1. Evaluate E = 1/(1 + (r/R0)^6) for TYR262 and ASP224, where r is the Cβ-Cβ distance and R0 equals 30 Å; express this FRET efficiency to the nearest 0.05.
2. Fully extended, how many nm does the chain gain between CYS162 and ASN68 (0.36 nm per residue separation, minus their Cα-Cα distance)?
3. Take GLN178 and GLU217, extend 7 Å from each Cα along the Cα→Cβ direction, and tell me the distance between the two endpoints in nm.
4. Considering only the other residues whose Cβ falls under 13 Å of the Cβ of PRO168, what net charge follows from Lys and Arg at +1 and Asp and Glu at -1?
5. Local charge sum around GLY192 (other residues, Cβ-Cβ under 15 Å, Lys/Arg +1, Asp/Glu -1)?
6. Using per-residue counts of other Cβ atoms within 10 Å, averaged over each peptide, order 24-36, 2-14 from highest down.
7. Tell me which lysines have Cα within less than 26 Å of LYS139's Cα, excluding those fewer than 8 residues away on the same chain?
8. Which of the three applies to region 56-136, rounded, prolate or oblate, going by the alpha-carbon gyration tensor with a ≥ b ≥ c and a/c under 1.5 meaning rounded?
Amino acid sequence: MKIGIISDTHLGIPQSPFFLENLKNYLRALELLKKQNVDLIIHAGDIFDRQVPSFDIAHKILETVPINIPMFYVQGNHDQMRTFENNPALNIVKEHYDLVGTYNNGIRIYDIEDVRIIGIDYIKESLFEAQLKKASQYKTPNTLLIIHQYITPYFQPDEIPCKEQGFPIEKVRSYGFQYIVNGHLHRPIKDGNTIVVGGTSYTRFESIHFIEREWVEKKVWTWDNGFQDITLETTPTQILVGDFNNIYIYIYIWIELLIGTYLMKKMLNNISSQTFT
Ligand SMILES: [Mn+2]
């Protein structure tokens with residue numbers, strides 16, 4: 001039994017030129033995993049880019065990029081959509097994909113053969129340990145824990161502008177899960193039985209994840225009693241590096257969002273999955 005793992009696809013990002021590239025990378029990632037004959041795909045969060053996306057865009061994207069493999073998904077900080085009730089992101093994914101796992105006490109659980117998958121949706125760092133504790137009550141000897149958090153040392157607090165300090169991986173490990181999968185951070189890392197999946201996408205924050213502005217290699221993973229990485233062939237895309245303390249950057253981002261959303265709607269009317277093959 002083989003499981004495919006992807007994360008941070010940031011679909012529907014309304015900023016050009018990321019929108020089309022991210023859609024292409026998502027399709028490429030799914031194709032790679034299909035070739036690996038995976039029985040399940042784990043998505044470690046941030047399937048969509050906006051908490052408040054245009055729903056017709058979200059629907060159209062998932063229609064354009066279909067998969068016929070069940071998906072286990074935890075919600076990232078981007079796709080929680082806290083301004084709506086009942087997590088519409090989840091409902092949109094459910095409508096188009098075979099979304100597996102059920103919530104028990106706020107923890108998402110799915111059993112496949114002798115493997116248990118436990119997912120914790122993105123949560124403020126101050127509340128994360130309580131969720132971990134809850135999740136650990138459900139663990140079995142062969143469990144994959146899926147989270148979407150700022151985890152140190154993979155995350156360095158000065159790396160991106162953020163209010164969180166970062167939660168230490170040692171503390172996560174102390175709860176005894178056999179395998180740990182973290183989304184959220186876009187640079188792929190393997191550290192024993194822990195992986196940071198890394199995003200398939202380009203976003204503005206990506207630039208800050210660069211080491212001396214080199215392109216971050218994008219990866220998807222498989223799990224079969226251990227993690228294996230597969231490099232995703234991508235088209236490097238020009239990224240604007242912003243000074244996030246500068247108010248003009250925020251004005252620029254908002255203008256870009258408005259224009260980007262308009263362009264995206266126009267583009268979506270003209271594309272189909274054929275566009276990417
Ligand atoms: Mn995230």
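No value in this document is a laboratory result; all are computed from the given coordinates. Just so you know, these numbers come straight off a predicted model, no measurement behind them. Using ideal geometry, Cβ is built from the backbone for each residue, glycine included, and neighbour counts are taken over all protein chains shown.
1. Efficiency for this residue pair is about 0.10.
2. 30.2 nm is the gain from fully extending CYS162 to ASN68.
3. About 2.8 nm, to one decimal.
4. In short, -3.
5. Here the count lands on -1.
6. 2-14, 24-36
7. LYS2, LYS94, LYS124, LYS171, LYS190
8. Values: a/c = 2.69, a/b = 1.29, b/c = 2.09.
It comes out oblate by the Cα gyration axes.
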